[in-house]
């Protein structure tokens with residue numbers, strides 16, 4: 001469905017509950033990147049009585065509507081930095097618009113042109129390292145507060161995993177030094193290292209990464225800093241390098257298929273082996 005049709009249908013479906021959603025009062029209506037659902041950035045000319053002047057509207061095309069609401073409510077009650085739910089009526093979920101820059105752009109824009117972290121100005125380098133360590137803190141606390149069970153045989157900690165965890169799912173408000181997390185529709189109970197492997201994958205596969213550089217040393221350094229920070233906080237969670245490496249390879253191949261890249265199947269390469277084997 002094109003953007004105008006999405007807008008027309010939303011006005012039709014929600015006008016009774018939120019009269020201010022109408023053509024005259026909509027100042028801007030733009031689509032945000034999303035793989036599975038339609039996500040709209042919506043701004044009003046006149047603030048509605050029940051909503052802020054700017055909101056994000058997530059329009060679900062799948063069955064994860066209730067899961068997202070339940071997880072966001074749970075995390076809000078646990079005092080995590082996630083968007084507030086402002087209104088919902090299936091398939092529409094209206095959320096607080098979080099201010100900041102998505103972590104993917106924040107990191108990658110600063111890394112372009114560099115081969116390693118040491119190439120960067122000290123202040124910029126510290127900003128990047130701080131942002132990835134903030135992410136590690138968020139996930140460590142998210143997993144610790146949502147621990148499910150320990151699998152005795154494998155010694156793995158099972159937690160609530162965010163699922164399909166990408167850097168773009170996190171907004172960094174660097175002015176206030178706060179990380180916000182978005183998109184919990186794919187959350188599931190599983191091995192805590194699944195989320196960590198997705199973050200490592202997101203660092204490696206985004207530009208500048210393995211598809212642009214033979215060996216993105218700055219990204220491998222950030223992965224090691226991310227993992228060390230996570231396990232300094234959750235020091236009682238077991239670290240299994242082989243499990244992590246295999247998951248990164250699995251996820252990289254998923255990304256290659258998603259993007260229809262003619263890159264070939266990734267095997268256990270040098271860059272994987274440069275990830276710290278001991279945390």
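The values are calculated or read from the model by the stated rules, or taken from the named source; none is laboratory data. The structure presented is a predicted model; accordingly, all values stated were derived computationally and were not measured. Cβ coordinates were reconstructed from backbone atoms using ideal geometry, including for glycine residues, and neighbour counts include every protein chain displayed.
A compact table of results
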| read-out | value |
| --- | --- |
| Check on residue 254, within 27 Å of residue 156 (Cβ to Cβ) and not assigned by TED's automatic domain parsing to the domain that holds residue 85 | yes |
| Selection from the stretch 37-60 of residues that are in a loop (DSSP other than H, G, I, E, B) and surrounded by 14 or more Cβ atoms within 10 Å (Cβ to Cβ) | 37, 48, 51, 52, 60 |
| Test: residue 63 is assigned to a loop (DSSP other than H, G, I, E, B) and at pLDDT below 95 | yes |
| Qualifying residue in the stretch 71-79 (condition: farther than 16 Å from residue 186 by Cβ and not in a helix (DSSP H, G or I)) | yes |
| Count - residues of the stretch 1-30 that are loosely packed, with under 13 Cβ neighbours inside 10 Å and in contact with a strand residue (DSSP E or B) (Cβ under 7 Å, 6 or more places away or on another chain) | 5 |
| Test set (1) surrounded by 15 or more Cβ atoms within 10 Å (Cβ to Cβ); (2) farther than 25 Å from residue 177 by Cβ; (3) at pLDDT 95 or above - residue 104 fails condition number | (2) |
| Only one of 261, 196 that is under 22 Å from residue 104 (Cβ atoms), surrounded by fewer than 20 Cβ atoms within 10 Å (Cβ to Cβ), touching a residue at least 24 places away in the same chain (Cβ under 8 Å) and not assigned by TED's automatic domain parsing to the domain that holds residue 82 | 261 |
| Candidates 234, 253 - the one that is modelled with pLDDT of 80 or more and crowded, with 18+ Cβ neighbours inside 10 Å | 234 |
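Here's the yes/no breakdown for (1) touching a strand residue (DSSP E or B) at 6+ places or on another chain (Cβ under 6 Å); (2) surrounded by 14 or more Cβ atoms within 10 Å (Cβ to Cβ); (3) touching a residue at least 24 places away in the same chain (Cβ under 8 Å):
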residue: 75; (1), (2), (3): no, yes, yes
residue: 88; (1), (2), (3): no, yes, no
residue: 91; (1), (2), (3): yes, yes, yes
residue: 98; (1), (2), (3): yes, yes, yes
residue: 114; (1), (2), (3): no, yes, yes
residue: 125; (1), (2), (3): no, yes, no
